[in-house]
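Undergrad: Below is the structure I would like to discuss, written out as structure tokens.
The values are calculated or read from the model by the stated rules, or taken from the named source; none is laboratory data. Bear in mind the structure is a predicted one, so any value in this text is a computation, not a measurement. Cβ placement follows ideal geometry from the backbone for every residue including glycine, while neighbour counts extend to all protein chains displayed. Just so you know, the surface numbers come from the protein's heavy atoms only, side chains and all, with ligands and any DNA or RNA stripped out. Shrake-Rupley method; radii C 1.70, N 1.55, O 1.52, S 1.80 Å.
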Amino acid sequence: MTIVAISREMGSGGYEIGEAVAKALHFEYVNRQILLEAAQAYGVPVATLVDVVERRPSLWERFDVERQRYLTFLEAAYYTFAAKGNLVTASRSGPFFVRDVRHALKVRIMAPVEVRVRRVMAETRLDHKAAAAKVRAYDREMTGRLDYLFGVDWTRPEHYDLVLNTSDDTWDFYTDFLVAAARHPRYQPTPDSVQRVNDLSLAAQVRAALANDPSTQSVNIEVTAQAGHVVLKGVVFSPAVLMAATALAQRVPGVTSVACETVEIPRYADTIM
């Protein structure tokens, strides 16, 4: 059930390497399917989710509840695949979703800027100036996006187990290197690490269920899960919201019990504060 979570720069060859690694390991390869899974499961247009993932948010959008809902759906979709294991993902967010999972090999694939520009020129037939602008814009957008999502600088090597510089076009070497790493005992699942993924996945499915229901989608409730037992933490303004959140959580497959550690604040408190 090993997971290989690849984050890649534009022009680094990350997609191609990820696909080749999955083929060599006989793993499922997931890229755009995460968006499609979220769109289908929660009725959100794919184009909307692409915008959420690819574009750096403005200051105003950082407080947009609707965008937060979409991110919750994407998280749930990612864990749907991760919980099955034997998986290679080529998603910039992937290593950060599974950063606490021991059997996840977290990889950053990068290359010098000029090498990336040259590859983008070859792929798109853009001239050097346009290709360089495209690469710079991508780097800027992704830095802002991942800082917004996870509060990290995605370029820093300490967030990954391996950082692969693809400055040379030796694609077979890069593939073989990652395949060997994924097969190392360090990245083989244990009962505890599998349970960790299952817990993360279940909590994500519950968050998505809450975000998808009109009665609870605007409530800020923290969700944790452990072996089927779900805990809801947060502030609500009425017993009805609390009951709705509990009922929704109980209906998520895999949930065996729901406990609430919420604080109910009467509506009249809004006028006092």
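Undergrad: Condition (residue is aromatic (Phe, Trp, Tyr), touching a Leu at 6+ places or on another chain (Cβ under 9 Å) and more than 30 Å from Ala41 (Cβ to Cβ)) applied to region 166-181: is it met by at least one residue?
TA: Filtering region 166-181 for residues aromatic (Phe, Trp, Tyr) gives 171, 173-174, 177.
Filter again for touching a Leu at 6+ places or on another chain (Cβ under 9 Å), leaving 174, 177.
Remaining after also requiring more than 30 Å from Ala41 (Cβ to Cβ): 174, 177.
Within region 166-181, one or more residues are aromatic (Phe, Trp, Tyr), touching a Leu at 6+ places or on another chain (Cβ under 9 Å) and more than 30 Å from Ala41 (Cβ to Cβ).
Undergrad: Taking the stated definitions as given, is Pro253 more than 23 Å from the chain's Cα centre (by Cα) and surrounded by fewer than 17 Cβ atoms within 10 Å (Cβ to Cβ)? Talk me through it step by step, then tell me what you get.
TA: Values: more than 23 Å from the chain's Cα centre (by Cα): no; surrounded by fewer than 17 Cβ atoms within 10 Å (Cβ to Cβ): yes.
Answer is no for this residue.
Undergrad: Does any residue in region 235-261 that is in a helix (DSSP H, G or I) come within less than 7 Å, Cβ to Cβ, of a residue that is hydroxyl-bearing (Ser, Thr, Tyr) and open to solvent by 50 Å² or more (accessible area, probe 1.4 Å) six or more places away or on a different chain, and which pairs are these?
TA: Once the first residue is in a helix (DSSP H, G or I) and sits in region 235-261, its partners that are hydroxyl-bearing (Ser, Thr, Tyr) and open to solvent by 50 Å² or more (accessible area, probe 1.4 Å) give Val241/Ser215; Ala244/Ser215.
Undergrad: Which condition number in (1) touching an Asp or Glu at 6+ places or on another chain (Cβ under 9 Å); (2) exposed (fewer than 15 other Cβ atoms within 10 Å of the Cβ) is the one that Arg156 fails?
TA: Answer for Arg156: the failing condition is (1).
Undergrad: List, please: which pairs have Cβ atoms under 9 Å, are six or more places apart or on different chains, and start with a residue in region 38-50 that is farther than 17 Å from Thr80 by Cα and in a helix (DSSP H, G or I) and end with one that is of a type outside the set (A, V, I, L, M, F, W, C) and open to solvent by less than 70 Å² (accessible area, probe 1.4 Å)?
TA: Thr48/Tyr70
Undergrad: Among the residues of region 80-99, which ones are surrounded by fewer than 21 Cβ atoms within 10 Å (Cβ to Cβ) and among the polar types (S, T, N, Q)?
TA: Of everything in region 80-99, those that are surrounded by fewer than 21 Cβ atoms within 10 Å (Cβ to Cβ) and among the polar types (S, T, N, Q) turn out to be Thr80, Asn86.
Undergrad: Is there a residue being farther than 15 Å from Leu178 by Cβ, open to solvent by 10 Å² or more (accessible area, probe 1.4 Å) and not in a helix (DSSP H, G or I) anywhere in region 105-112?
TA: yes
Undergrad: Let me ask something else about it. How many residues does region 194-216 hold that are polar (S, T, N, Q) and surrounded by 19 or more Cβ atoms within 10 Å (Cβ to Cβ)?
TA: Taking region 194-216 first, the residues polar (S, T, N, Q) are 195, 198, 201, 205, 212, 215-216.
With the extra rule that they be surrounded by 19 or more Cβ atoms within 10 Å (Cβ to Cβ), the set shrinks to 201, 205, 216.
So the answer is 3.
Undergrad: Considering only region 67-104, state which residues are part of a loop (DSSP other than H, G, I, E, B) and under 16 Å from Phe150 (Cβ atoms). Full working, then the answer.
TA: Step one: of region 67-104, the residues part of a loop (DSSP other than H, G, I, E, B) are 83-86, 91-93, 98-103.
Correct list: Ser91, Arg92, Ser93, Val98, Arg99, Asp100, Val101.
Undergrad: Given (1) within 21 Å of Arg99 (Cβ to Cβ); (2) open to solvent by less than 70 Å² (accessible area, probe 1.4 Å), identify the lone condition not met by Thr166.
TA: (1)
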